[in-house]
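Here is the structure we will look at, set down as structure tokens.
No value in this document is a laboratory result; all are computed from the given coordinates. Quantities reported herein were computed from a predicted structural model and do not represent experimental measurements. All Cβ positions, glycine included, derive from the backbone under ideal geometry; neighbour counts span all protein chains shown.
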Amino acid sequence: MLINGSREETFYIRLPDDRIGSPRAASTAAFPQQAFSPVGKERILAELFRVRDGDGTIIGLATRMNGTVPGPLGQPEPVTDWMLLIPGRGALMMSRGAIATGEEREFYVDRMGFSFENSGPVISGTGGFAGLMGFYGEETEIENVDANGQAYGVVRLVTRLRSTN
Amino acid sequence: MKRLVGIIGFLCGIGAGLFMLLNNPLSPAGYSVTADSDSYKWRPLEFFGIAFTPTELLGISTGASDRSLGAKEVKLTSASIILLQDEAGQPAALATRLTAMSKSPDMLTENVGVDTYTNIFWANAGSVLMHGYENRWPLVRSHFVASDSEAGEQTGVTEVSVSAERPDKEPTGIVGGSGVFSAIGGRYSESIGPDSEQPDLYAGTITLDIAVK
């Protein structure tokens, strides 16, 4: 419990154990070339993960999508969307770059203590996460990269949520 | 006379049972989005977990072990990466999806509820995050109707509309977006059927009705 009445909870993804699918992750669709910028650097990255609690028990699943979209002035803007599903409890949809339906673009002077680098608002929650608002932070800690380029480490999804009531 | 009444009663019972099977008023109301909407065909590029096929739901599936999620805590869920194609069959967007059994299937109300969470990403355009609810009962029904049919193997099961209102009336649809879809809302509906390339999985059509809020 944090001092402002919000609650912090951290979800863990161990790399590479919790990546679901091919070891080097991600599927990138074979889009027509014109779907990309002329420099060809933009791509959409989609990843699937198992999610653990602090005790290391698998408790759910997560997906992460990352890509570049036009910002408010048309400038390229990176976006990362997360979906987190904990069976029997509910789901959280979070994003660094997306805006919840019906809300205005905000620049969030206070992100409940998160840095601006890798954090964003909770867009929506269901089940036990319904009626909560707040932010998440994505912390990646890579311990080692082997000769094949395989990363070993952990991704921590830290959520700080409080009731909207 | 008693025998005749008995036979008539028996036949009426079968008829009532069939009527309830096909038109159960307790079943969650289905819906489909049509007006001014964009439709995309989709199929899974990667799939792990349970596909909620009739055989899996009845626990008689042989199950593809290489699609296991590897933990009992997530045995009634799935995670997938899906490709959306436009009307010309060209790749249009990439999406991820998480699904979970909503509650135990309720045969009385013909409700096999599945919660779906979908994130669609259009390259250099934007993304949407969506929460949906599906009733897979029509697929169960279609599966057994097709199985009983002599021509079932030839005709197979075509796409079936699965989008439905949640029994608890919790709203579903688009909950947020980025890029050109920032802050938009709207609804979507889906119909699904066996994937021609991976028959133990579903593919389908998703129709989006995006609204500027």
Q: Using the number of other C-beta atoms within 10 angstrom as an exposure proxy, rank B:S37, B:S196 with the fewest first.
A: B:S196, B:S37
Q.
Can you give me the long-range amide H partners of B:T77? Hydrogens built in the peptide plane at 1.01 Å from N, cutoff under 5 Å, separation of 5 or more residues or another chain.
A. B:I50
(Q) Could you tell me the calculated FRET efficiency between B:K41 and B:K75, based on Cβ-Cβ distance and R0 = 30 angstrom, to the nearest 0.05? (A) 0.55
**Q.** Those aspartates and glutamates that a straight Cα-Cα span of less than 13 Å connects to B:K103, excepting residues fewer than 8 apart in one chain
**A.** B:D115, B:E134, B:D168
Q.
Can you work out the Karplus-derived ³J(HN,Hα) for every residue in segment A:135-142? Use 6.51 cos²θ - 1.76 cosθ + 1.60 with θ = phi - 60°, whole Hz, and x for glycine or proline.
A. 9, 10, x, 10, 10, 10, 10, 9
Q: Using the Karplus curve 6.51 cos²θ - 1.76 cosθ + 1.60 with θ = phi - 60°, work out ³J(HN,Hα) for each residue of segment B:84-97 in order, rounded to whole Hz, and write x for Gly and Pro.
A: 9, 10, 7, 4, 7, x, 8, x, 10, 7, 10, 9, 10, 8
Q | J(HN,Hα) series, segment A:117-131, from Karplus relation 6.51 cos²θ - 1.76 cosθ + 1.60, nearest Hz, glycine and proline x | A | 5, 10, 9, x, x, 6, 7, 6, x, 10, x, x, 9, 5, x
Q. What's the average, rounded to a whole number, of partner chain beta-carbon atoms within 10 Å of each residue's beta-carbon in A:78-87?
A. 6
Q.
Going by amide H atoms built from the backbone, whose H comes under 5 Å of the H on A:G71, apart from near neighbours?
A. A:E77
Q | Shielding by partners - mean other protein chain Cβ count within 10 Å, residues of B:40-46 | A | 2
**Q.** Protection-proxy order for peptides B:159-166, A:80-87, each taking the mean of Cβ atoms within 10 Å per residue, highest first
**A.** A:80-87, B:159-166
Q. Are there GluC sites (Glu not before Pro) in segment B:42-119 that DSSP marks as loop and that have at most 13 other Cβ atoms within 10 Å, and which are they?
A. B:E87
